[in-house]
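*Asks:* What follows is a single structure, and I will ask about it in a moment.
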Amino acid sequence: MDFHVSPGGRIAGRCRVPGDKSISHRAVMLAALAEGESRFTGFLAGADTLATAAAFRAMGVRIDGAHDGQVTVQGVGLHGLRAPSGPLDMGNAGTGMRLLAGLLAGQRFGVTLIGDESLSRRPMRRVIAPLRQMGADIGAAEGDTPPLVLRPVAQLRGIDYALPMASAQVKSCLLLAGLYAQGRTCVTEPAPTRDHTERMLAAFGRPLQRDGARVCIDGGDTPLRATSFAIPGDISSAAFPLVAALIAGQGELLIENVGINPTRTGILDILRAMGGDIDLLNLREAGTEPVADIRVRASRLRGIAVPTEWVPLAIDEFPAIAVAAACAQGETLITGAEELRVKESDRIAAIANGLTALGIAVEALPDGLRIQGGQFHGGVVESHGDHRIAMAFSLAALRAEAPVQIRDCVNVGTSFPGYVELMRGLGLAIEAA
Ligand code: S3P
């Protein structure tokens, strides 16, 4: 399935984006291990999070939904999961696979985790190495890529681990393994990353100890208590209508009910530093997370050097930021972002190739990109099966001289079901065929 986008258009109105992917994964995982019934609204019914729900169903957990974003989970308790009858297919989801590796490493049964072509290329050594230090018995394919084969062990033990890279997935993997470990498991981060796991464990009755960059969980059989909350809209999905409204010229957009956890709002800091007219309205708490409505107005953007400390706080938003940078005056420099090389695609290469295909001067760096603002031509962009590359380049058409086609967009459904309809409603001339 390709996107075909006609040039021009004005973006205006109001919208809501689908529920937060990171929070939706974690909600199912913790609710499955809790005692009692948990209910969520705003759950993302995307392929990634539905794969996580299917994995827990295969381990004997009753999950109803998602119906209109509502999901009900009958928790089975920390020791209530059952061996699945076959491998668990995590699809395209790095979060699903890495967090489940931690959660399942200490179970009394073995399990195999598999994924699609993209996930099967992604590095798993980052979770395998520390989980082995905890006593886990894990096998993987060559190069420490999936499938992951977890064999049962008598008992994990807590470790004190310094993360070699800023990764919420690795941090969360180890904290979830820590639930099943003897003693205390501590993780120290080189830079702050999304803290949804920590917030949610506290909401399920297992608060963590945090001391600066170090966060610790005690093992033991203290049960997780079922809980219910609303999942906010995903700021990583809001990034697309947000950038669309900024670059489209004329128009004002209100994106309602978006999660604004400070570990996720790097995109707002970056786009504001570029001159973006963005306001947060109606700030409130929803469930375990802060939420706001984001008002954005068309703006004249200028290039900046993105401060490296903002990079982990905007790590999934660089495809959209790159399109904004191409519409800005002057140069935008992104560095310290080598993690972009191991996302759903090599996003540094995918962004550089896409911008080049549309006539923008760009240099791919080992750890980032140097982008010169310019004029988009029309053209054909390869998404490399990466949902965020596909959505980001669809926005380029707003400022292009001729139609833009993006190839292989089916994975947009992993994080943003209904993207085409939503963006068409706001004024983007997009068709999927
Ligand atoms: C996520 C963490 C990030 C992010 C991913 C979701 C999470 O990955 O890119 O989309 O839910 O923990 P890393 O931990 O690899 O940075």
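The values are calculated or read from the model by the stated rules, or taken from the named source; none is laboratory data. Everything numeric in this text was worked out from a predicted model, so none of it was measured. Neighbour counts are summed over all protein chains in view; Cβ atoms, including those assigned to glycine, are modelled from backbone coordinates with ideal geometry. SASA here: full protein model, heavy atoms, side chains in, ligands and nucleic acids out. Shrake-Rupley method; radii C 1.70, N 1.55, O 1.52, S 1.80 Å.
*Asks:* How many residues does the stretch 106-121 hold that are of a type outside the set (S, T, N, Q) and surrounded by fewer than 20 Cβ atoms within 10 Å (Cβ to Cβ)?
*Replies:* 7
*Asks:* Read through the list (1) in the same structural domain as residue 226 (by TED's automatic domain parsing); (2) farther than 19 Å from residue 258 by Cα, then give the number of the only condition that residue 9 fails.
*Replies:* Unmet for residue 9, out of (1) in the same structural domain as residue 226 (by TED's automatic domain parsing); (2) farther than 19 Å from residue 258 by Cα: (1).
*Asks:* If I filter the stretch 303-327 down to residues being buried (at least 24 other Cβ atoms within 10 Å of the Cβ) and assigned to a loop (DSSP other than H, G, I, E, B), which single residue comes out as nearest to the chain's Cα centre (by Cα)?
*Replies:* By that ranking, first place goes to 306.
*Asks:* Okay, next question. Looking only at the stretch 147-159, decide whether some residue is of a type in the set (D, E, K, R), assigned by TED's automatic domain parsing to the domain that holds residue 107 and not in a helix (DSSP H, G or I).
*Replies:* Checked against the condition, which is being of a type in the set (D, E, K, R), assigned by TED's automatic domain parsing to the domain that holds residue 107 and not in a helix (DSSP H, G or I), the stretch 147-159 yields at least one hit.
*Asks:* Name the residues in the stretch 143-171 that are more than 14 Å from the ligand (Cβ to nearest atom) and either under 20 Å from the mean Cα position of the chain (by Cα) or closer than 18 Å to residue 87 by Cα (or both), would you?
*Replies:* 144, 145, 146, 147, 148, 149, 150, 151, 152
*Asks:* Residue under question is residue 185, and the condition is that it be away from the ligand (no atom under 16 Å from the Cβ), open to solvent by less than 10 Å² (accessible area, probe 1.4 Å) and either hydroxyl-bearing (Ser, Thr, Tyr) or within 19 Å of the chain's Cα centre (by Cα) (or both); does it hold?
*Replies:* Values: away from the ligand (no atom under 16 Å from the Cβ): yes; open to solvent by less than 10 Å² (accessible area, probe 1.4 Å): yes; either hydroxyl-bearing (Ser, Thr, Tyr) or within 19 Å of the chain's Cα centre (by Cα) (or both): yes.
The answer is yes for residue 185.
*Asks:* Among residues belonging to the stretch 19-49 that are within 14 Å of the ligand (Cβ to nearest atom) and part of a loop (DSSP other than H, G, I, E, B), point out the one that is surrounded by the fewest Cβ atoms within 10 Å (Cβ to Cβ).
*Replies:* This residue is 46.
*Asks:* Then there's this: Can you tell me which of 194, 98 is within 12 Å of the ligand (Cβ to nearest atom), outside any helix (DSSP H, G or I), basic (Lys, Arg) and touching a residue at least 60 places away in the same chain (Cβ under 8 Å)?
*Replies:* On the way: 98 fails: outside any helix (DSSP H, G or I).
On inspection, the qualifying residue turns out to be 194.
*Asks:* Do you know which residues across the stretch 217-257 are in a strand (DSSP E or B) and within 17 Å of the chain's Cα centre (by Cα)? Walk me through how you get there before you give the answer.
*Replies:* The first filter runs over the stretch 217-257 and keeps only residues in a strand (DSSP E or B), leaving 217-218, 225, 229-230, 233, 252-257.
Of everything in the stretch 217-257, just one residue is in a strand (DSSP E or B) and within 17 Å of the chain's Cα centre (by Cα), namely 233.
*Asks:* Of the conditions (1) closer than 22 Å to residue 145 by Cβ; (2) touching a strand residue (DSSP E or B) at 6+ places or on another chain (Cβ under 8 Å); (3) not acidic (Asp, Glu), residue 31 fails just one. Which one is it?
*Replies:* (1)
*Asks:* Hey, among 284, 300, 295, which residue is more than 16 Å from the ligand (Cβ to nearest atom), open to solvent by 30 Å² or more (accessible area, probe 1.4 Å) and assigned to a loop (DSSP other than H, G, I, E, B)?
*Replies:* It is 300.
*Asks:* Please work out if residue 99 is touching a Leu at 6+ places or on another chain (Cβ under 7 Å) and open to solvent by less than 10 Å² (accessible area, probe 1.4 Å).
*Replies:* Values: touching a Leu at 6+ places or on another chain (Cβ under 7 Å): yes; open to solvent by less than 10 Å² (accessible area, probe 1.4 Å): yes.
The answer is yes for residue 99.
*Asks:* Oh, and also: Quick check on residue 54: is it assigned to a helix (DSSP H, G or I) and surrounded by fewer than 24 Cβ atoms within 10 Å (Cβ to Cβ)?
*Replies:* Judged against the criteria, residue 54 is a match.
*Asks:* Moving on to the next point. Find the residue count for the stretch 58-95, including only residues that are assigned to a loop (DSSP other than H, G, I, E, B), buried (at least 24 other Cβ atoms within 10 Å of the Cβ) and not polar (S, T, N, Q).
*Replies:* Residues flagged as assigned to a loop (DSSP other than H, G, I, E, B), buried (at least 24 other Cβ atoms within 10 Å of the Cβ) and not polar (S, T, N, Q) within the stretch 58-95 amount to 2.
*Asks:* Another question about this same structure. Would you kindly identify the strands (runs of 3 or more DSSP E) lying entirely within the stretch 341-433 that contain at least 3 residues that are out of contact with any Cys (no Cβ under 8 Å at 6 or more places or on another chain)? Can you show your working first?
*Replies:* Working: elements: 362-365, 368-372, 379-382, 404-407, 430-432.
Passing ranges, in order: 362-365, 368-372, 379-382, 404-407.
*Asks:* Next up: Looking at (1) over 19 Å from the mean Cα position of the chain (by Cα); (2) closer than 25 Å to residue 220 by Cα, which is the only condition residue 55 fails?
*Replies:* With (1) over 19 Å from the mean Cα position of the chain (by Cα); (2) closer than 25 Å to residue 220 by Cα applied to residue 55, the lone miss is (1).
*Asks:* Here are the criteria: (1) farther than 19 Å from residue 121 by Cβ; (2) away from the ligand (no atom under 16 Å from the Cβ); (3) open to solvent by 10 Å² or more (accessible area, probe 1.4 Å). Tell me which single one residue 332 does not satisfy.
*Replies:* (3)
*Asks:* While we're looking at this one, here's another question. Across the stretch 126-144, what is the number of residues that are in contact with a Gly (Cβ under 8 Å, 6 or more places away or on another chain) and not in a loop (DSSP other than H, G, I, E, B)?
*Replies:* Within the stretch 126-144, residues that are in contact with a Gly (Cβ under 8 Å, 6 or more places away or on another chain) and not in a loop (DSSP other than H, G, I, E, B) number 2.
*Asks:* Given the conditions (1) polar (S, T, N, Q); (2) open to solvent by less than 10 Å² (accessible area, probe 1.4 Å); (3) assigned by TED's automatic domain parsing to the domain that holds residue 196, and given that residue 237 satisfies all but one, which numbered condition is not satisfied?
*Replies:* Residue 237 satisfies all of (1) polar (S, T, N, Q); (2) open to solvent by less than 10 Å² (accessible area, probe 1.4 Å); (3) assigned by TED's automatic domain parsing to the domain that holds residue 196 except (3).
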